[in-house]
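Enquirer: First, the structure itself, so that you have it in front of you.
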Amino acid sequence: MSLVVMKFGGTSVEDQTAIARTASIVAGRVSAGKSPVVVVSAMAKVTDQLLRCGTCAAAGDRTGALALSSRLRSRHRDTAAALVKERASAVELINWIDQKFDQLDEILRGLAAILELTPRISDLIVSYGERLSSRMIAAAFQERGINAAHVDARDVIVTDSHFQKATPIDTAIEKRAEEKIRPLVNEGKVPVLGGFIASNEAGITTTLGRGGSDFTGALIGGAMHAEAIEIWTDVDGIMTSDPRVCPDALRVKVISFEEAAELAYFGAKVLHPATILPAVKKNIPVLVLNSKNPSNEGTRIISLAPHCKSPFKSIAVKKKLSIIDVVASRMLMTHGYLKAIFDIFDKHQCPVDMVSTSEVSVSLTVDSNDKLPAIAADLSKLADVKYEGKKALVCLVGEDIRGQNGMAAQVFTAVRHINVRMISQGASEINMSFMIDEEDADEAVRSLHAAFFQDPDPTIFDVEARKAAVSS
Ligand code: ADP
Ligand code: ASP
Ligand code: MG
C-alpha cells in the first residue's frame, strides 16, 4: 500500500475555501490509489491568538482574554457551519467546538486568578488550535466523501516533558502509530491528525515548538515508512529566497536533505528545522507543494541531489539574533577556556549558532532571548562581556560550492555596501554565512539574489516560471 503523509499548514486550512481546496487535493490522492495520512496545522494565526489569550489572562486581563477567545470561537463555529451541511453532523461538531471553548475559557479564568503562565499551561492553551482544526477538517472531509477518521495526535506523538519544544521519542511513536493509525489505513480510512501537539509519557500535553506541524508530518512518515512526506504550504516549493523578501525568487526543483536541513536551520521558514531528520533516517523523499497551486510539481528533497551549475540553491535569513562578545586578553589560549564559556551556555540551555575567535575575544551568536542578561552575568565572571541585539544571520546554501575558488570574494562583493560583523563557513562546506544588522538583512538578500541567480541552472531551478512572469 502506498502510504503518503500529507501535511497542510495554517494558510492551507485558514478558512472554508482553503479547507475545501485541501479536501479536493486529498481526494485526488485517494483516487490515484494512495493511502494518505493527513496532518493539519491550526487555522492561520490561531496559535498566535491563543498565545495572546494566555498572556493576557496571566497579566490579569480576564475580559480581554475571554474576548479574544470568543472571537476564536465564532471563527471556528462559522467555518464549521459553512463546511458541514449535513444537519446531525453539523450540530454534533458545533456542540463539540463549544465544549472545547468552554474548557479553554475555564483555563483562562483560572489563569487570570493565579496570574502565572507556565510553559505547561501555555502548551495546553495552544493545543486547542490543532485539536479544533483537525476535528473540523475530518468532518469536512467526511462530508466531501472522504472516508476520514479523526485521531488525537496526542495519543500518537510521544515526547519528553520539555514543554514548548519537546523532543519526540521515536520508539514510542512507532508503536503508537502502528496501534492507532495503521489499522485505520488498513480499513481504507484517511486518518486526520493535528500537527505540533503531542503528549509526554504521563499523557500531559506538550508541543514540538513553533512551526512544528511539519515535524509531526515527518515523524509519522518516518514511523510508518511512508512512500513520501508532502508538506503543503502557500508557496510553490523551496524558493531561492523568501519570496516575501525577493519577489523574483525561483522555485528549486530538487534539493538534497543536507541542503534543506541547513536552510531550515538558518531561517527558511518554509520547513521546520527538524523535519528532515526522520526522513533522512528512513530515506523518505519530502515534497514541498503549494495548496493554492496544486498542479505545480513543487520541490523534491532527496538524499542525493543532481549536480547544479549554480553554486548556491537558496539564501536564508535568521533574524532576532544577538551577538555576545567575550573579551579577555590573557585567557583565550588557556586550556579549558572555551569549555568554560560553553558550559555557561549549556547551563542556560541556550544554543549557539555561530562562533568566531580572535586573539583576545570570542564572539558568539544566539537567538535574542530573556536569558541573555543572566548568561552575560555568568560570562562576566570569566571576562569582559557585551551583547547587542537586532542582528541577522544571512546564509547561502549549496553543495556545489564545495571546492570552488573565489566564492567568498563574490559573496562579499555583492554585499560590499553592508557592514558585515562575523563570517563563517561550516565544515560541511555547503553553506557560507555572515552576521549583519537586522535592518540590512532584506537588502543583503536582494543583492545576493541578484548576483547569484541571474543565470540559474534550468535543470535545478524553475526558470520557465520567471520567463512566463516577464512576458506576461
Ligand atoms: P505553513 O503555514 O504552510 O507551515 P509557513 O508560513 O510556515 O507555512 O512557511 C511558508 C512561508 O515560508 C512562505 O510563505 C514564505 O514566505 C516563507 N519562506 C521563507 N524562506 C523561504 C524559501 N526559501 N522558500 C519558500 N518559502 C520561504
Ligand atoms: N500552529 C503551530 C504554529 O503556528 C504549528 C504549525 O503551524 O506548524 O506554530
Ligand atoms: Mg510552517
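Enquirer: Read phi for every residue in the range 29-45 and hand back ³J(HN,Hα) as whole Hz from Karplus 6.51 cos²θ - 1.76 cosθ + 1.60, θ = phi - 60°, with x for Gly and Pro.
Expert: 5, 4, 5, 7, x, 8, 10, x, 10, 9, 10, 10, 7, 5, 4, 3, 6
Enquirer: How much of the DSSP bridge set in the range 224-379 is antiparallel, in percent, rounded to the nearest 5?
Expert: Given both bridge residues lie in the range 224-379, the antiparallel proportion sits at roughly 65 percent.
Enquirer: Express the Stokes-Einstein translational diffusion coefficient of the range 7-136 in µm² s⁻¹, to the nearest whole number, given a Kirkwood radius over alpha-carbon pairs, 10 °C and a viscosity of 1.306 mPa s.
Expert: 102
Enquirer: Just to confirm a number: summing +1 for Lys and Arg and -1 for Asp and Glu over residues other than ARG210 whose beta-carbon lies under 10 angstrom from that of ARG210, what do you get?
Expert: Around ARG210, the charge tally is +1.
Enquirer: Expressed as a rounded percentage, what relative contact order does the chain have, with Cα pairs under 8 Å and six or more residues apart?
Expert: 13
Enquirer: List the lysines whose Cα lies under 25 Å from the Cα of LYS309, skipping any in the same chain that are fewer than 8 positions away.
Expert: LYS253, LYS467
Enquirer: Could you tell me, in Å, what Rg and Dmax come out for the Cα atoms of the chain?
Expert: Looking at the chain, its Cα Rg and Dmax stand at 23.6, 77 Å.
Enquirer: Determine the calculated [θ] at 222 nm for the chain from helices alone, applying -39500 (n - 2.57) to every DSSP H run no shorter than 4 residues and normalising by the residue count; nearest 500 deg cm²/dmol.
Expert: Only helices count here, giving -13000 deg cm²/dmol.
Enquirer: Follow-up. Fewest to most neighbouring Cβ within 10 Å: what's the order for LYS309, LYS269, LYS253?
Expert: Least crowded to most crowded, the residues run LYS309, LYS269, LYS253.
Enquirer: Set the bar at 27 Å for Cα to Cα. Now go through LYS282/LYS313; LYS281/LYS347; LYS7/LYS347; LYS165/LYS318; LYS339/LYS371; LYS339/LYS386 and name every pair that lies beyond it.
Expert: Flagged as over cut-off: LYS281/LYS347; LYS7/LYS347.
Enquirer: Near PHE196, within a Cβ-to-Cβ distance under 15 Å, what is the net charge of the other residues, with Lys and Arg +1 and Asp and Glu -1?
Expert: So the environment of PHE196 carries a net charge of +2.
Enquirer: Further question on the same structure: Using the Karplus equation 6.51 cos²θ - 1.76 cosθ + 1.60 (θ = phi - 60°), what ³J(HN,Hα) coupling, rounded to whole Hz, does each residue of the range 444-451 give in order, writing x for Gly and Pro?
Expert: Running phi through 6.51 cos²θ - 1.76 cosθ + 1.60 with θ = phi - 60° gives 4, 5, 5, 5, 5, 4, 4, 6 Hz.
Enquirer: Compute the whole-percent fraction of alpha carbon pairs in the range 231-326 spaced more than 22 Å apart.
Expert: Of all Cα-Cα pairs in the range 231-326, 28 percent lie more than 22 Å apart.
Enquirer: If the only charges are +1 at each Lys and Arg Cβ and -1 at each Asp and Glu Cβ, what is the size of the charge dipole of the chain around the Cα centre, to the nearest 20 debye?
Expert: 640
Laboratory data are not the source of any read-out in this text; all were calculated from the coordinates shown. Model, not experiment: these values are computed from the prediction. Cβ atoms come from the backbone with ideal geometry, glycine included; neighbour counts cover every protein chain shown.
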